[in-house]
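Scroll down for the structure; my scribbles are underneath it.
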Amino acid sequence: MKIRVLGSGAGGGFPQWNCNCHNCHRLRHQEMNGTARTQSSIAVSSDDRNWLLFNTSPDIRAQLEAFPAIQPREGVRDTGIKAILLIDSQIDHTTGMLMLREGKPLQVYCSEMVRQDLSTGFPLFKMLEDYCTVEHHPVPLDGGSFTIPGIDDLRFYSHPLKSKAPPYSPHRHAPHDGDNIGVVIEQISTGKKVYYAPGLGEIEPHVMAAMQDADCLLVDGTFWTDDEMEQQGISPKKAREIGHLPQSGPGGMIEVLDGVHETRKILIHINNTNPILDDDSAQRRQLTEAGIEVACDGMEIIL
Ligand code: MLT
Ligand code: MN
Ligand code: ZN
């Protein structure tokens with residue numbers, strides 16, 4: 001299978017439009033060794049032609065333009081996007097559906113909780129009724145498997161995660177199973193597995209089990225420290241409070257990944273404040289020494 005990282009940044013992207021933090025400022029002024037990142041999304045395929053999108057970011061238009069394998073091939077209207085899987089109802093993961101309104105009915109796989117958010121607080125499903133329309137397909141919340149018509153040779157397993165529903169959701173402070181999910185992508189013919197969880201606040205036993213069983217991990221890389229935004233005078237919100245396990249410190253993602261068998265370990269959904277965006281930073285060096293990679297836009301993973 002092939003995974004294409006369409007966008008490796010967290011909400012706001014890098015640099016963020018109104019942000020003058022250490023990273024955003026230095027990137028804009030070519031004072032740091034690093035690359036810009038669009039907002040969080042990946043595409044997966046086993047034939048390089050028919051793609052499942054994981055999340056649809058507000059940057060989707062540029063992401064698709066940068067990726068010939070997903071562009072129209074035949075007829076006057078065409079796309080390689082066969083379906084969409086939403087892992088939550090966050091703005092950075094869903095707004096791109098509006099940009100796909102010119103197309104055919106969108107085949108959207110997501111939890112009932114996400115369907116509810118996208119029919120009420122951020123009613124994309126309702127709005128799109130007057131454009132392309134949305135066909136919703138529920139996903140299992142017990143680790144059960146499913147396949148997706150048009151996406152050959154791939155099987156998916158989904159389970160609930162402890163992370164956070166978006167600020168606009170009635171579930172923000174009243175979590176429900178299915179507000180956020182983690183997904184295992186398995187190639188049926190080879191048995192190879194990727195685990196994708198860009199928003200991960202806590203490592204529950206079923207999450208660790210999925211990580212131990214995978215050949216490649218694409219997991220939450222949002223923040224380096226819990227108080228990163230506070231330290232930089234941006235927001236008092238802590239990483240854990242908004243559903244993201246920081247990388248450093250006791251119980252952080254580096255320690256967690258150290259306990260996972262040797263495999264490809266990649267951080268994704270990187271916030272613009274995170275020092276790992278600086279390729280020359282001590283924090284980035286620490287990741288490299290721990291065998292952990294940092295996703296960038298356009299990265300392709302072949303398994
Ligand atoms: C998050 O993952 O916490 C989001 O990126 C926040 C946002 O989209 O504003
Ligand atoms: Mn996000
Ligand atoms: Zn910034």
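Brief remarks on what is shown
- Amide H contacts for Ser111 (H built 1.01 Å from N in the peptide plane; partners 5 or more residues away or on another chain; cut-off under 5 Å): Val139.
- Taking the charge dipole of the chain about its Cα centre, with +1 at Lys and Arg Cβ atoms and -1 at Asp and Glu Cβ atoms, the residue from Ile268, Phe156, Leu100 reaching farthest to the positive side is Leu100.
- As a fraction of the 1.4 Å probe accessible area of the chain, surface on carbon and sulfur atoms comes out at 50 percent.
- Tensor-based shape of the stretch 93-207 (alpha-carbon gyration tensor, a/c under 1.5 rounded, otherwise prolate or oblate): oblate
- Solvent exposure of Glu102, expressed as accessible area, is near 110 Å², computed with a probe of 1.4 Å over the protein chains only.
- Cut-off under 5 Å, modelled amide H: who pairs with Trp224 long-range: Gln247
- Hz values of 3J(HN,Hα) by residue in the stretch 11-25 - Karplus curve (6.51, -1.76, 1.60), Gly and Pro given as x: x, x, x, 9, x, 8, 3, 10, 9, 10, 5, 3, 6, 4, 4
- Residue order by solvent-accessible surface for Glu289, Glu204 is Glu289, Glu204, largest first, with ligands and nucleic acids left out and a 1.4 Å probe.
- Filter on Lys104/Lys126; Lys2/Lys126; Lys104/Lys162; Lys193/Lys238 - keep pairs with C-alpha separation over 25 Å: Lys2/Lys126; Lys104/Lys162; Lys193/Lys238
- Distant alpha-carbon pairs in the stretch 256-297 (separation over 11 angstrom), percent: 67 percent
- For the stretch 144-303, a simple Cβ point-charge model (Lys and Arg +1, Asp and Glu -1, everything else neutral) yields a dipole of about 360 debye relative to the Cα centre.
- Shape class for the stretch 167-280, computed from the alpha carbon gyration tensor (a ≥ b ≥ c): oblate, with a/c not under 1.5 and a/b at or below b/c.
- Geometric extent, Cα atoms of the chain - Rg, Dmax (angstrom): 18.1, 55
- Its Cα gyration tensor gives the stretch 17-127 an equivalent ellipsoid; the semi-axes, largest first and in whole Å, are 27, 20, 12.
- Evaluating 6.51 cos²θ - 1.76 cosθ + 1.60 at θ = phi - 60° for every residue in the stretch 86-98, the Karplus couplings come out as 9, 8, 6, 10, 4, 4, 5, 9, 10, 4, x, 4, 5 Hz, glycine and proline recorded as x.
- Probe 1.4 Å, accessible area per residue of the chain, Å²: 43 Å²
The values are calculated or read from the model by the stated rules, or taken from the named source; none is laboratory data. Here the structure is a predicted model, which means the values were calculated and not measured. Note: ideal-geometry Cβ built from the backbone for every residue, glycine included; neighbour counts use all protein chains shown. The protein model used for the area step is the full one, side chains on, heavy atoms only, and it has no ligands, DNA or RNA in it. Shrake-Rupley method; radii C 1.70, N 1.55, O 1.52, S 1.80 Å.
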